[in-house]
Amino acid sequence: MQNKNAFDANGVMRENSRLDILLKRDSYKYMRLHGTESSFIKLINVAMSKKDKNGKYQVVFYQSDGWGSLVFTTRRLTFSILSTRGSISNFVPVYNIWGTKLKARDYIKYSIPNFLLCGSQIKGDFNTGYFLGRSNCNFEWELKNENVKFDFNVYRGDLEKIKNINSILSKEPEHIISYMKFFYEDRELYPDFDFELDDNKEPNLNKKLTSEERKNLFRKLQDDYSYYDFYGESKSKEEIFSKNKSINLIENLQEKMEEKDSKTLIPNISEEIERLASLKNKGLLTDEEFTAAKAKLLN
């Protein structure tokens, strides 16, 4: 039996649970809360779509037995599906329902740090009707800089949580980080970052970073927390912490490309250029750095 304390109030599992230790599951590949991290919401039956070359959204990571799960925490937003091992381990019919439907979707396939979500909003009819506790219409969370969006229904009890998320993400990035660290008490988050608080110990919204200060902050955060930013496959804890975090983004990218087999290098160049463009749009690369990194890829 799994210890009930292994889960938080939203049903998101914490790292180092007894079952994970027994099965040797890596908390960086599965959706597990790290340290003082806490969750705001866990949404199930979520469809993830990504723009194709024609600019149209296409569903990705579809599984015949259900969609994935979306979890928003004090550190990141993750989309998870059912792992192959999880699917095989319970591939038996249960009252005419495949057992895989009862399994948690917690194998991470997409993740992004929440300081990159500034300005993104969950859209939908907040006055919608409900059937059996679930909304009658779809809600949508589009991350335009990432060319990614999520579609889902919500339970009535999650509506206020979504409004709260929208309120937080409407603020400046430095205020979002401060809320997560001080107001929501993720004390281990961004240890080098400190921001002025008001009398209520909330971020001082009257104070903002300059554009240059914010850019420097983003560079530092992206360097330190880049392992929370990926599409496709996450890395193991050993892979993440064995690397020197001081290596900058361009050197990391070049290292990855050199490790690629020559047969797979050419098809992946367009993906890496798209990745670079996304970083430039977020303000993490200057025009000169983007041009230099792109030239390295093409050469």
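Restricted to segment 188-299, the set of helices (runs of 4 or more DSSP H) holding at least 3 residues that are surrounded by 14 or more Cβ atoms within 10 Å (Cβ to Cβ) and either modelled with pLDDT under 85 or at positive phi (or both) comprises 211-224, 249-259, 262-281, 287-298. Residues in segment 159-178 that are surrounded by fewer than 20 Cβ atoms within 10 Å (Cβ to Cβ) and either of a type outside the set (A, V, I, L, M, F, W, C) or over 21 Å from Lys42 (Cα atoms) (or both): Glu160, Lys161, Lys163, Asn164, Asn166, Ser167, Ser170, Lys171, Glu172.
The values are calculated or read from the model by the stated rules, or taken from the named source; none is laboratory data. Computed from a predicted structure; not experimentally measured. Using ideal geometry, Cβ is built from the backbone for each residue, glycine included, and neighbour counts are taken over all protein chains shown.
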